[in-house]
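Asks: I'd like to ask some things about the structure below.
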Amino acid sequence: MAFGFGITVLAGNLGAYSGGHVNPAVTLALMITRACPILDGAVYIVSQFAGAVLGLAMVWGCTSQASFVPAPGLNMEEIQPGYQEGDVIEAVGYPPFGLGADHVNDWVSTGNAFFLEFLGTALLIGTVLMSAVDKRTYTTSGMLAAWPIGFSVMLAHLVIIPFTGCGINPARSFGPALMNSFAGNNVWQGATGLVAFYIAPFCASIVVGGVMPLFWGGKAPPAPKMD
């Protein structure tokens, strides 16, 4: 629920300034539908990845003294020899709770993970395009567009978290993974992580961004102007 409400706040606050994309997959879809200029979109995407890294560095700094039960995916045998599952260890020097790193569960196949992340991201992107970009909806909802966007994120997390942790945002997945790497914890999950947390969301951008203009008569409506 925190993810959903957090996105609602960010989208509502930043919408009048940058569109409040927050998510590279959303930005790519907006670029495809011509609702976001290419150069602006490229700057947004770089900023989103950089913001994820800086944000996770701040989270780590605020929780570095915490004791914790390691999150799935942390290679604790390398960090603390003799570690047994369920042990509580001191987090000094290590990211507590894995900093919320996404993790595809062992019983979830790569194909399953791709499909789940694709659908979750498609739900979010479709909601953004229909509630914040389509002028017919926007003129009736105004800034209320942040609410359906936030609820779509919440819904995706409620359904997908048990399977993959619910990435649906390449920047959100990248930040924790990179910060864990700095501490010697490999949580990238190789090809499975690449497919689930990076390829799937951008595929959703391409598909939804390519299909949605068909509902607009083949033309992408211009992004609403803020006064």
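The values are calculated or read from the model by the stated rules, or taken from the named source; none is laboratory data. Note that this is a predicted model, so its numbers are computed, not measured. Don't worry about glycine lacking a Cβ; one is built from the backbone with ideal geometry, like all the others, and counts go over all protein chains shown.
Asks: List pairs: first in segment 203-214 and polar (S, T, N, Q), second surrounded by 17 or more Cβ atoms within 10 Å (Cβ to Cβ), Cβ under 7 Å, 6+ apart or cross-chain?
Replies: S205/A25; S205/L28; S205/A29; S205/I32; S205/I125
Asks: Right, something else. Please report, ordered by residue number, the helices (runs of 4 or more DSSP H) entirely within segment 120-227 with at least 2 residues that are modelled with pLDDT of 90 or more.
Replies: So the answer is 146-164, 170-182, 190-194, 200-211.
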